[in-house]
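To start, the structure itself, in structure tokens.
Taken together, the values in this text are just the output of simple stated rules run on the coordinates, not laboratory data. This one's a predicted model, so the numbers in the text were calculated from it and none came from an experiment. A quick note on method: Cβ atoms are made from the backbone with ideal geometry, for glycine too, and the neighbour counts reach across all protein chains shown.
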Amino acid sequence: MDVEAAKVIGAGLCMGLGALGPALGEGNAVSHALDGMARQPEAAGILRTNMIMGCAITESTGIYALVVALLILFL
């Protein structure tokens, strides 16, 4: 197998697996936050703020996967 082909496959696997965790985590966080907002509308502001912070932290994992995939491709 050519080295360039291995790099492309490795980067694709890195992004595929690296995006799976954040997608599941953010979906779970948003689902539970919306459930909490529906049950207690007066707490919607706090829940929304915490949800956005949690999603931002979770998304950093996907960004790290992107960085690693780019390093695999171009180094």
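Key figures for this structure:
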quantity: Values of log10 I(q)/I(0), in the order q = 0.14, 0.21, 0.25 Å⁻¹, for the chain under a Debye, Cα-only, solvent-free model; calculated: -0.55, -0.83, -1.00
quantity: Lys/Arg +1, Asp/Glu -1 at C-beta; the chain dipole; positive extreme among Leu66, Ala33, Ala11; calculated: Ala33
quantity: Tilt relative to the chain, helix 3-39 - C-alpha long axis, 0 to 90 degrees, to 10; calculated: 0
quantity: 3J(HN,Hα) from dihedral phi, the range 42-58, Karplus parametrisation 6.51/-1.76/1.60, rounded to Hz, x for glycine, proline; calculated: 5, 9, 4, x, 5, 5, 5, 4, 5, 5, 5, 5, x, 5, 5, 5, 5
quantity: Relative contact order (percent, whole number), the chain, Cα cutoff 8 Å, 6+ residue spacing; calculated: 52
